[in-house]
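As structure tokens, the structure follows; a few thoughts come after it.
The values are calculated or read from the model by the stated rules, or taken from the named source; none is laboratory data. Keep in mind it's a predicted model, so treat the numbers as computed, not measured. Cβ atoms come from the backbone with ideal geometry, glycine included; neighbour counts cover every protein chain shown. Just so you know, the surface numbers come from the protein's heavy atoms only, side chains and all, with ligands and any DNA or RNA stripped out. Shrake-Rupley method; radii C 1.70, N 1.55, O 1.52, S 1.80 Å.
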Amino acid sequence: MKTCIIAGGMLEREFALRFIQEQNFDIILAADRGLEFCSQENIRPTYILGDFDSLKEGVLDKYKEERDIPIREFNPVKDNTDMDLALQQAIILGSREIHILGGTGGRLDHFFSTVQNLKKAWLKHIPAYLVDSRNLITLPCEKEFVIDRETQHGTYVSFMPLEEQVTGLTLEGFKYPLDHFTLTNMSGGLGVSNEILAEQGRVSYKDGILLMIQSKD
């Protein structure tokens, strides 16, 4: 199943609505203030969760009255962010692919937490993507993959290790190729702002957790 988590960060209306329509999701999971966007745009969520401390008054009540959408309400004093809970729930619901809207453009502490939490899906070998109109952020599950230049999300492709290092990183078809390179978290941005010159960019690595960001200005 293909899942979209709608969170409470930056939601660019035109992009988000087009993305949801094009992707044809099986599950729409509204997390906290993301429910407000669903309500405004008549998007019917499959599942609702959060502590709802940032949700406009009255929005949640409407869905509680309908009683046909599962709602999990949490105490605001908790050890997990709403996004962490949403990712865990998406995995429990049997998602085989997860896309997150509204996970960027807000508080940086929440953003970095969300990037780290992508590892929960990665450990289950579930592709998970943090998406907005300018960026697509993911931890590739496969250690060998290709990126089509014509369909990539933007112009640039950046690579960095989520943790200490990624070993054996090879990039072919890129403006700045690499051959079995060890990319560390002290590489000074060496993996940032690469570009695909061939029809496809080929990526492979040996070990570590690779963070990939496709982006445009």
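Can you tell me the length gained on complete extension of the stretch Gln88 to Asn75, counting 0.36 nm per residue apart and subtracting the Cα distance?
3.0 nm
What nm distance separates the two modelled labels at Thr151 and Lys62, each placed 7 Å from Cα along Cα→Cβ?
Inter-label distance under the simple model: 3.5 nm.
In what order, largest first, do Val59, Val146 sit by accessible area if the probe radius is 1.4 Å?
Accessible-area ranking of Val59, Val146, largest first: Val146, Val59.
What percent does the relative contact order of the range 107-217 come to when contacts are Cα pairs within less than 8 Å and at least six residues apart?
Averaging sequence separation for qualifying contacts and normalising by length gives 34 percent for the range 107-217.
List the residues whose amide H sits under 5 Å from the amide H of Leu171, counting only those 5 or more places along or on another chain, with H placed 1.01 Å from N in the peptide plane.
Amide H neighbours of Leu171: Leu178, Asp179, His180.
How much of Leu123 can a 1.4 Å solvent probe reach, expressed as accessible area in Å² and rounded to 10?
Around 120 Å² of this residue is reachable by solvent.
Go through Tyr156, Tyr205 and list them by solvent-accessible area, largest first, probe radius 1.4 Å.
The ranking, largest first, comes out as Tyr156, Tyr205.
Of the cross-linked pairs Lys120/Lys143; Lys119/Lys206; Lys78/Lys216, which ones have a Cα-Cα span greater than 28 Å in the structure shown?
With Cα atoms farther than 28 Å apart: Lys78/Lys216.
So for the chain, taking the charge dipole from beta-carbon charges (+1 Lys/Arg, -1 Asp/Glu), which of Leu108, Met1, Tyr129 sits furthest toward the positive end?
Met1
For an R0 of 45 angstrom, estimate the FRET efficiency from the Cβ-Cβ distance between Thr46 and Glu195 and round to the nearest 0.05.
0.75
Assuming a ≥ b ≥ c are the square roots of the Cα gyration tensor eigenvalues, decide whether the range 1-124 counts as rounded (a/c under 1.5), prolate (otherwise, with a/b larger than b/c) or oblate.
It comes out rounded by the Cα gyration axes.
If you count only protein heavy atoms and use a 1.4 Å probe, how large is the accessible surface of Ile20, to the nearest 10 Å²?
Its heavy atoms expose roughly 30 Å² to the probe.
Alpha carbon centre of the range 70-144 versus the range 185-217: separation in Å?
If you average the Cα positions of each part, the centres end up 21 Å apart.
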